[in-house]
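The values are calculated or read from the model by the stated rules, or taken from the named source; none is laboratory data. Quantities reported herein were computed from a predicted structural model and do not represent experimental measurements. Note that each Cβ is placed from the backbone with ideal geometry, even for glycine, and that neighbours are counted across all protein chains shown. Each accessible area value is taken on the protein alone, full model and side chains, heavy atoms only, with ligands, DNA and RNA left out. Shrake-Rupley method; radii C 1.70, N 1.55, O 1.52, S 1.80 Å.
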Amino acid sequence: GNDYLPIIYVFFALWNVPLLVAGLLTPEKMQEPVVTAISIAWAKLLPVLFFFGSVKVVQNIEKLLSEEADNGKVNAAHLFATAPIAVFAVFIFSGYDIIGLFFVLFGFYYYLKKDYNRFAWFFSVAISFKYFALCVYIPLLLLAEKKILNIVKLMLIGLCVTVVQLIAYSGSAV
C-alpha cells in the first residue's frame, strides 16, 4: 500500500515533467547510468528548494516577530539553515517532510499576520503531507478564534485537502 496521501506523488509527478518532456523517463533511458544520476539529482533538488523556501519563510516570520532587523544576534533563519538535523534530513536523507514543514511555516506566518483563512489553507496542505501538522494547527486555531462557528469553519478548511484525498481514493486497494 501507499504510506502517503496522493499529494506528495502529485508534487513529484509535476516536478518530473521536464524530465518527461526531455524523454529521460522512458524505461530504456532509465537504464543508462548518466540518466539515472540526472533523475536522482533532479528528484533530490525538490526538497532542497523547499528547504531554501522554508529558510526564507522563517526569515519573514522573524521579521514579523522582531522590530529590530539587525540586533547583533544570530537570526533564526541562519540557525534553521545550518541546523545539523535539517542539513541531514534534506541534503543527505532527502526527506520530503520539508515540503510539509514549508506549508506549516507559511501557515504560521499567516497566523501571525492574523490572516486566518490563509492560515487555514496552508495548514490544510501541510496536514495532508504529515498529520503532525494538526498538533500545531489545533492549538493555534484555538488561540486565534473563540467563536465556535469560526473554529468549525477553520477546522473544516484545515482538514479539507486531506479529506478530499481520502474520499477520492477511498475505493483504491492501494
Name the pairs: first residue in segment 2-28 and of a type in the set (Phe, Trp, Tyr), second residue open to solvent by less than 90 Å² (accessible area, probe 1.4 Å) and at pLDDT 90 or above, Cβ to Cβ under 6 Å, at least 6 apart or on different chains?
15/46
Considering residues that are over 21 Å from the mean Cα position of the chain (by Cα) and either within 13 Å of residue 98 (Cα to Cα) or surrounded by 15 or more Cβ atoms within 10 Å (Cβ to Cβ) (or both), the number found within segment 1-59 is 7
For residue 172, work out the one condition from (1) under 26 Å from residue 6 (Cβ atoms); (2) touching a helix residue (DSSP H, G or I) at 6+ places or on another chain (Cβ under 7 Å); (3) of a type in the set (Ser, Thr, Tyr) it doesn't fulfil.
(2)
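Is it the case that some residue within segment 18-30 is closer than 30 Å to residue 171 by Cα, of a type in the set (D, E, K, R) and part of a loop (DSSP other than H, G, I, E, B)?
Quick first cut of segment 18-30, residues closer than 30 Å to residue 171 by Cα only: 20, 25-27.
With of a type in the set (D, E, K, R) added as a condition, the list becomes none.
The answer is no; no qualifying residue exists.
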For segment 66-88, give me each residue that is modelled with pLDDT of 85 or more and either farther than 22 Å from residue 122 by Cα or surrounded by fewer than 10 Cβ atoms within 10 Å (Cβ to Cβ) (or both).
78, 79, 82, 83, 84, 85, 88
Set 131, 169, 111, 116: member being open to solvent by 30 Å² or more (accessible area, probe 1.4 Å), without any contact (Cβ under 8 Å) to a residue 40 or more places away in the chain and closer than 20 Å to residue 12 by Cβ:
131
With the condition kept exactly as written, say whether any residue in segment 140-151 is more than 28 Å from residue 63 (Cα to Cα) and surrounded by 15 or more Cβ atoms within 10 Å (Cβ to Cβ).
no
